[in-house]
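Take a look at the structure set out below.
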Amino acid sequence: MPVEAAGPSLGPIPGFLQKHCVACHGDDQPKAGLALGGIRGHGQILKARKVWENLADMVEAELMPPEDKPQPAPAEREAFLVAVRGIFDHYDRTAKTDPGRVTMRRLNKAEYDNTVRDLFYGTDFNASENFPSDDVGHGFDNIGDVLTMSPVLMERYLAAAEMIARKVVLTELPKPTLRRFDAKNLRPYRRDNVDKNDYRAFTNDEDAKGGDSGPVWHELALSPNDAFDFVVLAYGDRSDKKPVKLALYVAGDQLPAPSGKSELDKLAGKALQQVGPLRILKIVEVKSRDSKKPDRIALPMAPQPGVGKIGVALLKPEKGEPDSKVYLRMFGVEGPRDVRPYVMRRFMESDASKPVAEQNREILNRFASRAYRRPATAAEVDRMLALVTSVQADGGSREQGLQLAIQAVLANPKFVFRAELDDRPTAPDARAIDDYQLASRLSYFLWSSMPDDELFALAAKGELTKNLESQVRRMLKDPKSSALIDQFAMQWLQLGRLTAHAPDATMFPEFKEPLRQAMLTETKLFLGEIMREDHSILDMLDSDYTYMNSSLAKLYGVYDTMGNGSGRKKIPGGKSFRGDAIFDRVTLTDGLRGGLLTQPGILTVTSNPTRTSPVKRGKWVLEQMLGEPPPPPPPDVPELEQQKGKLTGSLRQQMEQHRADPACANCHAKMDQLGFAFENFNAVGAFREKDGNDVINPSGVLDGDKKFSGPAELRKILIGRKDDFAKCLTEKLLIFALGRGLEYYDDRAVTRIVEALQKNDYKFSTLCLEIVRSEPFRMRRGSEELASGEE
């Protein structure tokens, strides 16, 4: 590594370490894996910045050296702290910008599936189902350094590419189908008006005794992207021998642009009010008078979004006209007229006036550019065209050639990997990435998928950088932003472990699959509101709302019986729970629960199968909320379960005996205190007053002098440490956004993001915006690391 001669001296640091630290933390089997001997330059301290910042905090709080060791004089302690923090201050003020370097990384399973879905216009192939699991680094499965490519995975990529290509471009097309609804099955039901030939008669004489004036309809959900033919089989009767006029309509609660009152007033029928919003497609004429030769009317329909019903209605007779009667055998829809699947139609879009070879070029240029997340080169497109040509030369069809081109693109490293091409790969200076690379970083951060058309368009014009804020806000509102919860939050909170967690079925019979899924959904909905409504990230520490269904409500104690029994209690606010399929937003009024810390899913994954674990819960708070992971336990210290018979009393008393070992005391003193704050919640998150016969004591002390009793008071203390939480969450989300672990040179970016959060009420959007604006996200450098200090 290059060195920088200028910088603060180590001053009293080596002497302080030698006198107070090296005895326990020397280079030979250092305690907690922390070796402090042999510090020769401030570059070593900078590289382990987080460790040294934690060390300085412990020295300042007089937690180190341990109380049973000789203590430094106040002036000696102060000189050490000034020297350590002076190194960081000097670096932050003088060092060159170093955005770091991300290993070219392949798409993980979730990113692959999402990218294939969006590449093929919303078609979900679940293509990664048989891929091996992704490795995890720094807590996430999108880290470039651990996303390896095995021979097995390569085989699965090839198989997935072949499967997708076959489904996108069909070589044999099906025939259009007719979905018909016979007259006897039409609504409103009137079987008495159906004759022996299965014709249903209705008239526009609304005053006819016992008559059926219609209109009639049937439920039908139409694909909003496909065009169909509305088919009617009928004959009519009218005394003046003129054709019977019949209105063909579509209806639905979500129907755009329904017909207005003036048009609807022309329709006859007592049942008209039952139809709901409708749009008249066309008034057609029924000319046949013969049941053996009914008219077959086929009305071409453009794509019809929002349709839930189709139907027919007679028109009211105009003044002086006789009444009309129609005999309806059936109606239905035939199609789609273009029997190619929607994804094939979109993929094959091209200028039909051009020669086929030019159409193929248009298709493949668009496809490759979207798949590679930047404009495809002419040479890349030529190679794909050559594949199509070779297939056709061997007697294959155009469609088979396009299938092979799709396979080639999907198996190409330019698709499988997120490659950021660099014409200066070893240059150490920092420079901005281009707009296409920025679009990919942005979309894979917030959506775990490829950029959409709007991002591509801005990148093509070179205008993405100046529109970052509006794009981030747009993307957070998009339904695809749920990936940020599914991919980031579930891994950050370690809730993925809940899918395999198995509490003892005898001790916790209420824990069944519906409750497991409800726990996951609660947290996702809770975080989804914070993201969509742009709440403060501090709601994650403490809030007065959550989401519940019936299973969760029972666990929370909001009501005692399942289903619709009379013993149900109400949600605060007056609503009733409506089963397991529907989650309601619930206001928490007792102050016992709030934020993430007391959600049953978190409490369950931080427990053992048969009991709670104050150690796991305390460690989880330290690691995931405060960013202060404890060191690993000494290898020779037995687990609590291995000491049964030696430890007595309540779980709290046993833990106190366990940490009497000096090797355990320092770490457990903090972890256990935090964990016992949640001891009123059992191993599946239900509230309790006792653990067996022992009354639970949820009190503790944090940071030496902050006393609490239970989770509500602990949450207040944690809110007092909101900047520690903000820094922790920033670091976690920045790791996820960058796809790499953080280094000492990233600390300036983290500090700036936390400062922006402080100025903007800790809004979730501010966190995402500042990450996207940060130098590590928008910039890059070559493989040579920038100078950081003396070795």
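Please work out which one of (1) modelled with pLDDT of 90 or more; (2) more than 30 Å from MET344 (Cα to Cα) is the condition GLY211 fails and give its number.
(1)
Given the conditions (1) farther than 28 Å from ARG166 by Cβ; (2) in a helix (DSSP H, G or I); (3) open to solvent by less than 50 Å² (accessible area, probe 1.4 Å), which single one is not true for ASP422?
Status for ASP422: all satisfied but (2).
Got a sec? Which of PHE508, PHE526 is farther than 30 Å from LEU733 by Cα, open to solvent by less than 50 Å² (accessible area, probe 1.4 Å) and at pLDDT 95 or above? Break it down into steps so the answer makes sense when it comes.
On the way: PHE526 fails: farther than 30 Å from LEU733 by Cα.
That would be PHE508, the only listed residue that is farther than 30 Å from LEU733 by Cα, open to solvent by less than 50 Å² (accessible area, probe 1.4 Å) and at pLDDT 95 or above.
Cβ-Cβ distance below 8 Å, separation of 6 or more or different chains: which pairs start in the stretch 402-414 with a residue that is more than 18 Å from ASN360 (Cβ to Cβ) and end on one that is open to solvent by 40 Å² or more (accessible area, probe 1.4 Å) and outside any helix (DSSP H, G or I)?
As it stands, the answer is PRO413/ALA419, since those pairs meet every condition given.
Could you look through the stretch 458-497, keep only residues that are farther than 16 Å from LEU527 by Cα and polar (S, T, N, Q), and pick out the one that is surrounded by the most Cβ atoms within 10 Å (Cβ to Cβ)?
GLN471
GLY276 is checked against (1) farther than 26 Å from LEU178 by Cα; (2) open to solvent by less than 40 Å² (accessible area, probe 1.4 Å); (3) out of contact with any Ser or Thr (no Cβ under 7 Å at 6 or more places or on another chain); (4) not hydroxyl-bearing (Ser, Thr, Tyr) and fails just one. What number does that condition carry?
Against the list (1) farther than 26 Å from LEU178 by Cα; (2) open to solvent by less than 40 Å² (accessible area, probe 1.4 Å); (3) out of contact with any Ser or Thr (no Cβ under 7 Å at 6 or more places or on another chain); (4) not hydroxyl-bearing (Ser, Thr, Tyr), GLY276 comes up short only on (1).
Going by the structure shown, is LYS670 of a type outside the set (A, V, I, L, M, F, W, C), farther than 30 Å from THR506 by Cα, at pLDDT below 95 and open to solvent by 10 Å² or more (accessible area, probe 1.4 Å)?
Numbers: of a type outside the set (A, V, I, L, M, F, W, C): yes; farther than 30 Å from THR506 by Cα: yes; at pLDDT below 95: yes; open to solvent by 10 Å² or more (accessible area, probe 1.4 Å): yes.
Against the criterion (of a type outside the set (A, V, I, L, M, F, W, C), farther than 30 Å from THR506 by Cα, at pLDDT below 95 and open to solvent by 10 Å² or more (accessible area, probe 1.4 Å)), LYS670 qualifies.
Quickly run through the stretch 352-382 and pick out the residues that are under 33 Å from the mean Cα position of the chain (by Cα) and among the hydrophobic types (A, V, I, L, M, F, W, C).
Of everything in the stretch 352-382, those that are under 33 Å from the mean Cα position of the chain (by Cα) and among the hydrophobic types (A, V, I, L, M, F, W, C) turn out to be ILE363, LEU364, PHE367, ALA368, ALA371, ALA376.
Within the stretch 384-393, is there a residue that is in a loop (DSSP other than H, G, I, E, B), open to solvent by 60 Å² or more (accessible area, probe 1.4 Å) and modelled with pLDDT of 95 or more? Working first, answer last.
At the first step, the residues of the stretch 384-393 found to be in a loop (DSSP other than H, G, I, E, B) are none.
Looking through the stretch 384-393, none of the residues is in a loop (DSSP other than H, G, I, E, B), open to solvent by 60 Å² or more (accessible area, probe 1.4 Å) and modelled with pLDDT of 95 or more.
I want to confirm something. Restricting to the stretch 425-449 and keeping residues that are open to solvent by less than 50 Å² (accessible area, probe 1.4 Å) and out of contact with any helix residue (DSSP H, G or I) (no Cβ under 8 Å at 6 or more places or on another chain), which single residue is nearest to PHE488 (Cα to Cα)?
SER440
Residues that are under 27 Å from GLU623 (Cα atoms) and either without any contact (Cβ under 8 Å) to a residue 24 or more places away in the chain or open to solvent by 80 Å² or more (accessible area, probe 1.4 Å) (or both), at least 2 per element: which helices (runs of 4 or more DSSP H) completely within the stretch 15-83 meet that? If you could, list the steps in order and put the result at the bottom.
Numbers: elements: 22-25, 42-47, 49-60.
Here the list reads 22-25, 49-60.
Do you know which of the residues in the stretch 763-788 that are part of a loop (DSSP other than H, G, I, E, B) and open to solvent by 50 Å² or more (accessible area, probe 1.4 Å) is modelled with the lowest pLDDT? Walk me through it before giving the result.
Quick first cut of the stretch 763-788, residues part of a loop (DSSP other than H, G, I, E, B) only: 774, 781-788.
Now restrict to residues that are open to solvent by 50 Å² or more (accessible area, probe 1.4 Å): 783-785.
On the way: SER783: 72, GLU784: 57, GLU785: 54.
Step by step, filter the stretch 763-788, then rank; the result is GLU785.
Among the strands (runs of 3 or more DSSP E) confined wholly to the stretch 266-382, which include 1 or more residues that are without any contact (Cβ under 8 Å) to a residue 40 or more places away in the chain?
Where strands (runs of 3 or more DSSP E) fall fully within the stretch 266-382 and carry at least 1 residues being without any contact (Cβ under 8 Å) to a residue 40 or more places away in the chain, they are 278-286.
Take ASP705 and tell me if it is surrounded by fewer than 17 Cβ atoms within 10 Å (Cβ to Cβ), among the acidic types (Asp, Glu), touching a Ser or Thr at 6+ places or on another chain (Cβ under 6 Å) and free of Cβ contacts under 8 Å to residues at least 60 places away in the same chain.
Values: surrounded by fewer than 17 Cβ atoms within 10 Å (Cβ to Cβ): yes; among the acidic types (Asp, Glu): yes; touching a Ser or Thr at 6+ places or on another chain (Cβ under 6 Å): no; free of Cβ contacts under 8 Å to residues at least 60 places away in the same chain: yes.
Spelling it out, it is not the case that ASP705 is surrounded by fewer than 17 Cβ atoms within 10 Å (Cβ to Cβ), among the acidic types (Asp, Glu), touching a Ser or Thr at 6+ places or on another chain (Cβ under 6 Å) and free of Cβ contacts under 8 Å to residues at least 60 places away in the same chain.
So ALA75 clears everything in (1) over 30 Å from PRO451 (Cα atoms); (2) in contact with a strand residue (DSSP E or B) (Cβ under 9 Å, 6 or more places away or on another chain) except one condition, right? Which one?
(2)
The values are calculated or read from the model by the stated rules, or taken from the named source; none is laboratory data. Every value quoted in this text rests on a predicted model; they were computed, and no experiment measured them. Neighbour counts are summed over all protein chains in view; Cβ atoms, including those assigned to glycine, are modelled from backbone coordinates with ideal geometry. For accessibility, only protein heavy atoms count, side chains too; no ligands or nucleic acids. Shrake-Rupley method; radii C 1.70, N 1.55, O 1.52, S 1.80 Å.
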